[in-house]
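The values are calculated or read from the model by the stated rules, or taken from the named source; none is laboratory data. As the structure is a prediction and not an experimental result, all values here were calculated from the model. Cβ placement follows ideal geometry from the backbone for every residue including glycine, while neighbour counts extend to all protein chains displayed. All accessible areas refer to the heavy atoms of the entire protein, side chains included, with ligands and DNA or RNA removed. Shrake-Rupley method; radii C 1.70, N 1.55, O 1.52, S 1.80 Å.
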Amino acid sequence: MEIGPVPFFNQEDCSNFYSFFQDFDTSFLADSYPQKRQKVEYCEDENVSDPQASVKEILCSLLSFEKNPDQESQNPSMGDAEKSGSKRPRGEVDSSSDDSASNPSPTGHRRLWVKDRSKAWWEQCNSPDFPESEFRNAFRMSKSTFNMICEELDSAVNKKDTMLRQAIPVRQRVAVCVNRLATGDPLRVVSKRFGLGISTCHKLVLEVCSAIKTVLMRKYIQWPDENQIKEVKNAFGQISGVSNVGGTIYTTHVPIIAPKNNVAAYFNKRHTERNQKTSYSITVQGVVNPQGFFTDVCIGWPGSMPDDKVLEKSALYKRANTGLLRDIWVVGNAGYSLMDWLLVPYTHQNLTWTQHAFNEKIEEMQRVAKEAFMRMKARWSCLQKRTEVKLQDLPAVLGACCVLHNICEMRNEAIDEMLRFELFDDEMVAENSMRSVGAMRARDHIAHDLLHRSSHVSS
């Protein structure tokens, strides 16, 4: 069925329409619409000469819906805005509500609702009277070290107050991050301690870790200069008797949740076989000096990569191949290949006494690196368990842990023996254990010299 255009009345139709109403009995209107009937009678008494005006009056009276005065009297609380049919502006506060009556808004705009959370724990920790031992237990460092870190990061993490709310202070921002790294507790637990939302704590951890990595890493993780490298060589020479050692290298694994992409690359076969549970990890490679400070780190490569392949991806490998590590040995374990600048133990069967003695000296220097990684994982418990941090954000978190480790070591921050952690990084012999004939000869010479020196001292 088609629908045609809506017809409009002309003047002739209006006259016929008016005659229809003249003949029509309107007595029933007196009962239903008394006011309308009065208007009609009023028009008749006035002897209106214009019939079209009378028709318009009648139509308007029939089609208009005026409210009953009795009904309005029953609702005296109805505001003028509701009577006129206009809507209240979105930001206007209803003065008749109980909440507005108890807490009136001086500006007349909608107030910001913020959940009330308890900050009692953090207020106690931030108090000058808070015990030093409890502060160390919560943040793995003394108050003086914590204050120094806050001063260093002030310009990077400080935020300004807004019209809606006050900014979180720098000390609380840093405290959220350090406590999360130190305890490894879930974000919901950390958020309750500090009286903040879970998403806010997660954001603060990433922001502070990124600031530590950007602002403090270059300052606290540095390759030794010419004067420092002499002290490093002398210190390692006293430990092992091997000359020209500038550092000892080690690679550890940090467990992670199975990533969504490229799962096989992060699968850790050795941890899976030992734990009898499917494990995934990410690597942290570090060069350590005799004091246990990191002088170079390489973070973020998948856990399925062997140690020698991780080294090839690092900036240290590129610097060494350009000759920047000339006359310097970096000591590694059997997972690395023997190179012109990398000294590793003998790995073949049926070792001689000379080779066996050399391996013992290498193990003594490797123990320095292992203990440094053990202290770092013991101090920052988040490295011991699978983390909630996304894979793309994890290098910044791990880098922050390395920087904070160096700060604590430089300031002689002790670790509670109850927090001691044992490493479980199974070493695998490199596929190509020797890449330089000259390095092989140099290693044999060092081993022979160590044996004769020890025999001379014993005699």
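Residue count for segment 172-209 under the criterion of being open to solvent by 40 Å² or more (accessible area, probe 1.4 Å) and farther than 17 Å from LEU383 by Cα: the result is 9. Of all the residues in segment 136-170, those that are open to solvent by 80 Å² or more (accessible area, probe 1.4 Å) and not in a loop (DSSP other than H, G, I, E, B) number 4. For LYS219, the requirement of being open to solvent by 40 Å² or more (accessible area, probe 1.4 Å) and touching a Gly at 6+ places or on another chain (Cβ under 6 Å) is not met. Screening segment 264-327 for helices (runs of 4 or more DSSP H) wholly inside it with 1 or more residues that are within 23 Å of ALA372 (Cβ to Cβ) and open to solvent by less than 20 Å² (accessible area, probe 1.4 Å) returns the ranges 307-312, 315-321. Could you tell me whether GLY241 is of a type outside the set (A, V, I, L, M, F, W, C), in contact (Cβ under 8 Å) with a residue 60 or more places away in the chain, surrounded by fewer than 21 Cβ atoms within 10 Å (Cβ to Cβ) and over 24 Å from ALA430 (Cα atoms)? Spelling it out, GLY241 is indeed of a type outside the set (A, V, I, L, M, F, W, C), in contact (Cβ under 8 Å) with a residue 60 or more places away in the chain, surrounded by fewer than 21 Cβ atoms within 10 Å (Cβ to Cβ) and over 24 Å from ALA430 (Cα atoms). Of the residues in segment 420-441, none is in a helix (DSSP H, G or I) and touching a helix residue (DSSP H, G or I) at 6+ places or on another chain (Cβ under 9 Å). In segment 362-395, of all residues being without any contact (Cβ under 8 Å) to a residue 40 or more places away in the chain and touching a strand residue (DSSP E or B) at 6+ places or on another chain (Cβ under 9 Å), the one that is most open to solvent (accessible area, probe 1.4 Å) corresponds to ARG367.
Cβ-Cβ contacts under 6 Å between residues 6 or more apart (or on different chains), taken from a first residue in segment 422-450 that is touching a residue at least 24 places away in the same chain (Cβ under 8 Å) and open to solvent by less than 30 Å² (accessible area, probe 1.4 Å) to a second residue that is assigned to a loop (DSSP other than H, G, I, E, B) and small (Gly, Ala, Ser), are listed as ALA430/GLY335; ALA430/SER337; LEU450/GLY241.
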